[in-house]
Amino acid sequence: MMIIKGACPNCGGPITEKRLRAGLPCNKCLPDKYLKEVREKGLRHVITSLGKAKGLVNIFLLEDEL
């Protein structure tokens, strides 16, 4: 498993290639135990509920404009 430093779209920290390809933030921002909830409710809902939306806030705002 390859880890890419500075590539988490949310915190800018290290992230696995698998999560990056899936469009997810790193495990620190979104622990594995929330992945099922992400599939059910969406990344935006879950990461905002956890209070961990950082860099992804800008992406969410862009989505709102589209």
**Fill in**
Out of (1) out of contact with any Asp or Glu (no Cβ under 7 Å at 6 or more places or on another chain); (2) modelled with pLDDT of 95 or more, the one Val46 does not meet is (1)
**Message:** Six or more apart or on different chains, Cβ atoms under 6 Å: show the pairs whose first residue is in region 47-58 and within 14 Å of Leu24 (Cα to Cα) and whose second is polar (S, T, N, Q) and crowded, with 17+ Cβ neighbours inside 10 Å.
**Reply:** Lys54/Asn10; Gly55/Asn10; Leu56/Asn10
**Request:** Check region 2-13 and report whether any residue there is of a type outside the set (A, V, I, L, M, F, W, C), part of a helix (DSSP H, G or I) and without any contact (Cβ under 8 Å) to a residue 24 or more places away in the chain.
**Result:** no
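Condition check ((1) under 16 Å from Cys11 (Cα atoms); (2) surrounded by 14 or more Cβ atoms within 10 Å (Cβ to Cβ)) across all residues:
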position	(1), (2)
Leu30	yes, yes
Leu35	no, yes
Lys41	no, no
Arg44	yes, yes
Gly51	yes, no
Ile59	yes, yes
Asp64	no, no
**Request:** Considering only region 15-66, give the helices (runs of 4 or more DSSP H) lying wholly within it that have at least 2 residues that are farther than 20 Å from Met1 by Cβ.
**Result:** 35-41, 43-49, 56-65
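The values are calculated or read from the model by the stated rules, or taken from the named source; none is laboratory data. Model, not experiment: these values are computed from the prediction. No Cβ is skipped: glycine too gets one built from the backbone with ideal geometry, and neighbour counts run over all protein chains shown.
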